[in-house]
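I'd like to ask you about the structure that follows.
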Amino acid sequence: MSQKIPLFVSEEKLKSFTSVNQNVSPADLVPHILQAQDIEIQYYLGSTYYFELKNQVLNGTVTQQNQFLLDNYLQNALVNYGLERALPWLKYKIFNKSVLSPTSENADTIELKELQFLQSECKSTAEVYMKRCMEWILLHPGDYPTYFSSKVTDGQMPSYDDPIGGAIVTNRRPYAWRKRYGRGNSNWIDDGMNCPECFYPNTYVSNTVF
C-alpha cells in the first residue's frame, strides 16, 4: 500500500517561480522537493509544527494562518531549496551500469563550477524567504501556537539559527591579540581558549579602562 506524501508546493508554482523549463518532467523534480521539505523546512519549523502542517495539507484543512505562511514564505523557500538539490541530477543521470551526463545537440552543457554557482544562487534566495518566514512566526506567536509548543518527543526541535549563512563562531578576542599585546603582562587568566596563531590563552583581565 502506497503512502500519500503531501507536498507544500505545486509543480505550477515551482516552474512559474523559478527558471525551470516547462518541459522538465515532474519526476525529475519531486524527489528533491520532498528532500528539501523534509530536511530544510523541518529543520527550521521543528517536527511538531512540521507534521501538523503536513497533515493539514494532506487533509485539505490548512488554516488561514498556515496558508499565509505557505503562500508567502515557505513555498518560495522550498522551490529554491528543492531546485538547489535537483540541479546536479538534472545534469547527471543514473542508469543501470553508470552515471552519465547527457548532452544536447542544440546546447552546450555547463561545467561543474557553473552548476555550483547556480546552486549557490538558489540557496541564497531560499535563505532569504526562510528568514522572512521565521521572522513572521516570531512576530505573530498567537497564530502559530504549535510552533511554540514543540515537543522533543515529536522529533527535531525548531532551529533558531539564522537561515542566511548559518551560525559563525569566532573567538572572543581579536586574532592573535595576546601576541600583539605582549606575553609578559600578568593580568590574564587561562580559560582553555588559545589564540590560533601564538597558542596563548585568549582571556585577558585588565584594570585599564579603554
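The values are calculated or read from the model by the stated rules, or taken from the named source; none is laboratory data. Computed from a predicted model, the values in this text were never measured in an experiment. In this analysis, Cβ positions are derived from the backbone assuming ideal geometry, glycine residues included, and neighbour counts consider all displayed protein chains.
Can you name every residue in the stretch 34-48 that is among the small types (Gly, Ala, Ser) and assigned to a helix (DSSP H, G or I)?
Ala36, Ser47
Continuing with the same structure: Out of everything in the stretch 107-149 that is in contact (Cβ under 8 Å) with a residue 24 or more places away in the chain and of a type in the set (Lys, Arg), what residue ends up being nearest to Ala86 (Cα to Cα)?
Here the residue is Lys123.
Further question: Out of all the residues in the stretch 58-70, which are assigned to a helix (DSSP H, G or I) and either at pLDDT below 95 or farther than 18 Å from Ile33 by Cβ (or both)?
Leu58, Asn59, Gln64, Gln65, Asn66, Gln67, Phe68
Next up: Can you tell me which condition Trp89 does not meet? The list is (1) surrounded by fewer than 18 Cβ atoms within 10 Å (Cβ to Cβ); (2) at pLDDT 90 or above, and all the others hold.
It is condition (2) that Trp89 fails.
For the stretch 69-77, indicate whether the set of residues that are surrounded by 18 or more Cβ atoms within 10 Å (Cβ to Cβ), of a type in the set (D, E, K, R) and free of Cβ contacts under 8 Å to residues at least 60 places away in the same chain is non-empty.
no
While we're on this one: Let me confirm something: among Lys4, Lys15, Lys54, which residue is modelled with pLDDT of 75 or more and either touching a His at 6+ places or on another chain (Cβ under 8 Å) or not assigned by TED's automatic domain parsing to the domain that holds Glu127 (or both)?
Lys4 is the lone residue from the list that is modelled with pLDDT of 75 or more and either touching a His at 6+ places or on another chain (Cβ under 8 Å) or not assigned by TED's automatic domain parsing to the domain that holds Glu127 (or both).
Can you tell me which residue is farthest from the chain's Cα centre (by Cα) among those in the stretch 92-140 that are modelled with pLDDT of 90 or more and of a type in the set (A, V, I, L, M)?
Filtering first and then ranking leaves Leu139.
Yes or no, residue by residue, for (1) assigned to a helix (DSSP H, G or I); (2) over 22 Å from Leu115 (Cα atoms):
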site: Glu12; (1), (2): yes, yes
site: Asn23; (1), (2): no, no
site: Tyr50; (1), (2): yes, yes
site: Gly82; (1), (2): yes, no
